[in-house]
1. Give Ile517, Ile464, Ile504 a once-over and let me know the one that is β-branched (Val, Ile, Thr), surrounded by 14 or more Cβ atoms within 10 Å (Cβ to Cβ) and in a helix (DSSP H, G or I).
2. Does at least one position in segment 53-73 carry a residue that is touching a helix residue (DSSP H, G or I) at 6+ places or on another chain (Cβ under 8 Å) and of a type in the set (Asp, Glu)?
3. Going by the conditions given, is Glu523 part of a helix (DSSP H, G or I), open to solvent by 40 Å² or more (accessible area, probe 1.4 Å) and either within 30 Å of Asp101 (Cα to Cα) or of a type in the set (Asp, Glu) (or both)?
4. What about Ala348, is it open to solvent by less than 60 Å² (accessible area, probe 1.4 Å) and closer than 14 Å to Ile189 by Cα?
5. Would you be able to say whether some residue in segment 127-143 is part of a strand (DSSP E or B), closer than 20 Å to Leu161 by Cα and open to solvent by less than 10 Å² (accessible area, probe 1.4 Å)?
6. Do you know which residues across segment 167-196 are out of contact with any His (no Cβ under 7 Å at 6 or more places or on another chain), small (Gly, Ala, Ser), assigned to a helix (DSSP H, G or I) and within 13 Å of Leu66 (Cα to Cα)?
7. Going through segment 381-406 one residue at a time, which ones are touching a strand residue (DSSP E or B) at 6+ places or on another chain (Cβ under 9 Å) and among the small types (Gly, Ala, Ser)?
8. Taking into account only those residues within segment 225-254 that are basic (Lys, Arg) and modelled with pLDDT under 95, which is least open to solvent (accessible area, probe 1.4 Å)?
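The values are calculated or read from the model by the stated rules, or taken from the named source; none is laboratory data. Predicted, not measured: the structure shown is a model, and the values here were computed from it. Cβ coordinates were reconstructed from backbone atoms using ideal geometry, including for glycine residues, and neighbour counts include every protein chain displayed. Accessible surface is based on the protein model in full, side chains and every heavy atom, while ligands, DNA and RNA are left aside. Shrake-Rupley method; radii C 1.70, N 1.55, O 1.52, S 1.80 Å.
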Amino acid sequence: MAVSSGSPSFKSIFSGKKGQSVGIVRSMNYKIPGPFELESGKILHGVRVEYEVYGKMNADKSNVILICHALTGDAHAAGFHQSDRKPGWWDIVIGPNKAFDTEKYCIICSNILGGCKGSTGPSSIDPETGKIYGITFPVITIKDMVNAQRKLVEHLGVKQLFAVAGGSMGGMQVLQWTVSYPEMVKKAIAIATTASTTPQQIAFGAIGRKAITDDPKWNGGDYYGKKIPSQGLALARMIGHITYLSDASMQKKFGRLQRDEDTACMTGSMGSTAGTTGTTGTTLSELSPELSHEFAPNFQVESYLNYQGDNFTKRFDANSYLYITKAVDYFDLSKNGSLIEGFSGVTAKYLVISISSDWLYPPYQSQEIVSALTANGVDARYEEIRSQYGHDAFLLEEGQLSYLIRSFLSEVLVSDVMNRNFYTVSRDETIEHASRLMVKECVSHLPVISEDGKLEGIVTSWDITKAVACKINELDEIITRDVKYVYEDERIEHASSIMEKHSISALPVIDSKHRVIGIVTSESISALISD
């Protein structure tokens, strides 16, 4: 019969081992078979998803964490490609002994649908025409991005994700995952994000898109093989980049310092000048009374933004920027005007993190998410990172992020890892039936239950082997009645200790009425328990 159905200490969270790099990594590409239907009803064919994997899956693939990237990110979240000088965009938290510990978890990150880093998007070839999509590419949504990720996850043989995590637009994908596929996500980490894009956020996206489409070189989206709309794309990036910073961080980095030749080119990606102190250059008071009447960049902040904009045009497609920012604008998980109703089906355990100085996705929006989740009885925890770096802090604040993520992931209960889709038998069934069920479903333990679902015993593959050898036909004769079990709200360490003490590899999970609600195996918990 098929059935569906205390915090660790600081010392235990941090073992003292220094986080390490995952080393050299490579990207892989998956082609989704058949047609891929979008939320709009439009169909795409031959959709490709670029992805990277860090760490190894355990035997039952229950230790997999999906990382979702932000607006202009990609699948390269950690480690180094062969020719890289810089690691992946979230390397500070992904790797051996880091927050997303690749010695415990298998981490997957994919480039979103609509992107330009290996996944299908406007710069891809339309298999129907043999030409680049351009603006014939259909409108996409955050839900479409998640649906493509789900296809990848299923292709990799993962039935349920241990966690989904991401910041900014990546956080939107996290929220969408738990709404669209609640049965596939055990834990969710949403950082510096919103459940419904606000008018101010839409306004910034609209200005960026207009900067691109007003560039004559955009040419109605048909610029491939020609000069790209670099001026418009650079301006869009400059506008967006301002929203990633804070007044305090910009004051600290630049103050009112004038540009000089030594600081004309500021290298780095989003937030990479976080350590700049603003102690070099020339202030207005140090200049001669005859100020320049030219409109060339005078201030260091101008030079910095120009660099960010120009550098961005070398790595990102203008049409992808249009489509992705529009997908962000459309994002709204409220239902009938209610976020509580929108989250009504969510079951994942949540960690929602905001940033104190983030004015793009301010803390109140994270608090609204938590309020709506808790109103639905979801176990949701709210934390706020204290930082001057603004929205960018989710890429920079290694210490605070690591502590919050580690502690959340390490709080693992039996309910987080148990298999709710399990198989049972009753006392009056035959050994042949139990044997066939084990072989067909590839299981080695079958809880024996009464008519009302209460646990009466357990049968293992070893019991079946002995019964065949002894020519025993009745299942009732080989049932182990003194069966060990656990409750879903107990920690996995407790389940592990029972298994170790009694040399068993699986335990039925029961509720307060002694009814079986799942099964937990040693394979599903061994990698998650710290040494």
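1. Matching residue, one of Ile517, Ile464, Ile504: Ile464.
2. yes
3. In short, yes.
4. yes
5. no
6. Once the filter is applied, which keeps residues that are out of contact with any His (no Cβ under 7 Å at 6 or more places or on another chain), small (Gly, Ala, Ser), assigned to a helix (DSSP H, G or I) and within 13 Å of Leu66 (Cα to Cα), segment 167-196 yields only Gly171.
7. Residues of segment 381-406 touching a strand residue (DSSP E or B) at 6+ places or on another chain (Cβ under 9 Å): 381-387, 389-395, 397, 400-401, 404-406.
The answer is Ser387, Gly390, Ala393.
8. Lys253
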